[in-house]
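What follows is a short report on a single structure.
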């Protein structure tokens, strides 16, 4: 039996909705597993139309495990996206949505795994890495961590103000940016990887998340820089 088959669907009420960027909104869902998932895991979301048609997508959990009774999903509105379109223009606080989870066992960091911790995210791929950073702050603040985050512009950075505040206020955490559409910006390359490794040291764990091309390129750069394959864990979003 697969992990998904073993999990039951449950109705989760939308408790709060907040804008994050021009295309991303934060949704808080009331669930019964808010304290017992692992940072890096995701949930399946299923919508059912009156005629029985169903659409389903997977979304990483952005929040850290806590006693709030809720989890946070950050959902990006994709052109022609059936599920993301619903959340962008139809969903309201109080709506009840089918969720299944938490899902995932390899792309997780619990704090007991120690560090240094290297996180490499592209676009909305930063969401599960954000969950890890939030959990680090609560459960393992002594673990050194570095987030290398690629986004097109500063305005499109997910949780920009939070990440900048963490970099300013949290000892042992470093934020490095690759803003590809800003003046003088460039993609993550070997020089950026070398700079990240120079600032952090040899990582005990490296998590890479983003689109398929981003994850492939970033993982190859890490391998070329000497990071052992067994240290690198990846999570790919379509595209």
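Remarks
- Qualifying strands (runs of 3 or more DSSP E) (wholly inside the range 1-60; at least 3 residues being surrounded by fewer than 18 Cβ atoms within 10 Å (Cβ to Cβ)): 10-19, 42-48, 54-60
- Among residues of the range 89-101, those that are out of contact with any strand residue (DSSP E or B) (no Cβ under 6 Å at 6 or more places or on another chain) and either without any contact (Cβ under 8 Å) to a residue 24 or more places away in the chain or over 27 Å from residue 156 (Cα atoms) (or both), counted: 3
- Hits in the range 61-88 (condition: crowded, with 16+ Cβ neighbours inside 10 Å, touching a residue at least 60 places away in the same chain (Cβ under 8 Å) and more than 19 Å from residue 22 (Cα to Cα)): 61, 63, 64, 65
- Residue selected from the range 209-239 under the condition closer than 17 Å to residue 114 by Cα and in contact (Cβ under 8 Å) with a residue 12 or more places away in the chain, by the criterion nearest to the chain's Cα centre (by Cα): 233
- Selection count, the range 205-222, where residues are surrounded by 15 or more Cβ atoms within 10 Å (Cβ to Cβ) and farther than 10 Å from residue 122 by Cβ: 6
- Criterion: touching a strand residue (DSSP E or B) at 6+ places or on another chain (Cβ under 6 Å) and more than 20 Å from residue 60 (Cβ to Cβ) - qualifying residue of 226, 210, 185: 185
Taken together, the values in this text are just the output of simple stated rules run on the coordinates, not laboratory data. None of the values given here were measured: they were computed from a predicted structure. Cβ atoms come from the backbone with ideal geometry, glycine included; neighbour counts cover every protein chain shown.
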